[in-house]
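The values are calculated or read from the model by the stated rules, or taken from the named source; none is laboratory data. Just so you know, these numbers come straight off a predicted model, no measurement behind them. Virtual Cβ from ideal backbone geometry, glycine too; neighbours counted across all protein chains shown.
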Amino acid sequence: MSEEIQQLRRINNLLFDAFTLSSQIWMFKSREEMVELFCNIVAEDDDCTAVVVSDKGGNHYRMKEDVLNCKFLNYTPNVFGIVDANYCECENVSHNYLVVFPAAEGTSVYVFLKNLEEEYVQILKEMVDVLARAIEHLEIQKKNELVMQRLKENLEQFQFLADRLRNPLAVIQGVAELAEEMDTNTVFEMVRRSAKKMKEVLDSLSEAEVSSIELYQSLFSKR
């Protein structure tokens, strides 16, 4: 088989892998599962000797050779880059290049390759972009779920505080109806205590309202 045909087949396989990644990664509910899928797919290529993903939860990798001592794994890339293997200072390895990608916040991708071709690297870039978007989408989902849960808790707090207002209001209404039959000082004291309780409840309602507004704005202001 000619080299050109082999290269074409390789690119077609990688395109299929990219499609598989982009169609399946959204089904996962954790960063770890997403990164594991990415590593498994990228490592299938014959020219890939290792893939390492440094993520918030730790390092994930698939290796056909030991590259964990590569000094560049200690650096977090800010931009895409290609490193000649001579600078990696790895021993007894078959890769000739290291391609590094910044992905989502807290995530970096390192792919070790025997050969370097522009089309192949471009497809890798797109696959890293898919991984980054999936992770970012997952983090937004988690944040939204947390905010919605807190809003639900605040609404339940509103209901609880509203119920607490009924007792002091009932006392004031009762005092008003029996005012002529009661000592003036006693009436004033009962009203004062009820008013104090109502103020405490209203202060709590005000705090919960501010908290709810802040949560709502954090959830919807950037949409």
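Tell me, yes or no, whether the stretch 202-214 has at least one residue that is surrounded by 12 or more Cβ atoms within 10 Å (Cβ to Cβ), at pLDDT below 70, in a helix (DSSP H, G or I) and of a type in the set (Asp, Glu). Yes, that holds for at least one residue.
The residue of the stretch 136-154 that is surrounded by the most Cβ atoms within 10 Å (Cβ to Cβ), among those that are touching a residue at least 40 places away in the same chain (Cβ under 8 Å) and farther than 30 Å from Tyr110 by Cβ, is Asn154.
A single entry from Ile123, Ile82 fulfils the requirement of being at pLDDT 90 or above and touching a helix residue (DSSP H, G or I) at 6+ places or on another chain (Cβ under 6 Å): Ile123. In the set (1) surrounded by 17 or more Cβ atoms within 10 Å (Cβ to Cβ); (2) touching a Ser or Thr at 6+ places or on another chain (Cβ under 9 Å), Asp45 fails one condition alone, (2). Can you say whether Arg133 is of a type in the set (Lys, Arg), within 30 Å of Asp17 (Cβ to Cβ) and either assigned by TED's automatic domain parsing to the domain that holds Thr20 or without any contact (Cβ under 8 Å) to a residue 40 or more places away in the chain (or both), as far as the supplied structure shows? Spelling it out, Arg133 is indeed of a type in the set (Lys, Arg), within 30 Å of Asp17 (Cβ to Cβ) and either assigned by TED's automatic domain parsing to the domain that holds Thr20 or without any contact (Cβ under 8 Å) to a residue 40 or more places away in the chain (or both).
Do we have any residue at all in the stretch 65-86 that's without any contact (Cβ under 8 Å) to a residue 40 or more places away in the chain, farther than 23 Å from Trp26 by Cα, touching a Lys or Arg at 6+ places or on another chain (Cβ under 8 Å) and not hydrophobic (A, V, I, L, M, F, W, C)?
Scanning the stretch 65-86 turns up no residue that is without any contact (Cβ under 8 Å) to a residue 40 or more places away in the chain, farther than 23 Å from Trp26 by Cα, touching a Lys or Arg at 6+ places or on another chain (Cβ under 8 Å) and not hydrophobic (A, V, I, L, M, F, W, C).
Number of residues in the stretch 126-149 that are at pLDDT below 80 and touching a Ser or Thr at 6+ places or on another chain (Cβ under 8 Å) equals 1. In a residue-by-residue description of the stretch 95-109, the property of being farther than 22 Å from Ala132 by Cα and surrounded by fewer than 21 Cβ atoms within 10 Å (Cβ to Cβ) applies to at least one position.
Just for the stretch 12-36: of the residues that are aliphatic (A, V, I, L, M) and surrounded by 15 or more Cβ atoms within 10 Å (Cβ to Cβ), which one is modelled with the lowest pLDDT?
Kept after step one, since they are aliphatic (A, V, I, L, M), are these residues of the stretch 12-36: 14-15, 18, 21, 25, 27, 34-35.
This time we only want the ones that are surrounded by 15 or more Cβ atoms within 10 Å (Cβ to Cβ), so: 14, 18, 21, 25, 34-35.
Working: Leu14: 84, Ala18: 90, Leu21: 91, Ile25: 93, Met34: 94, Val35: 93.
Of everything passing the filter in the stretch 12-36, Leu14 is modelled with the lowest pLDDT.
Of all the criteria given as (1) within 15 Å of Cys39 (Cα to Cα); (2) small (Gly, Ala, Ser); (3) surrounded by 13 or more Cβ atoms within 10 Å (Cβ to Cβ), the one not satisfied by Gly58 is (3).
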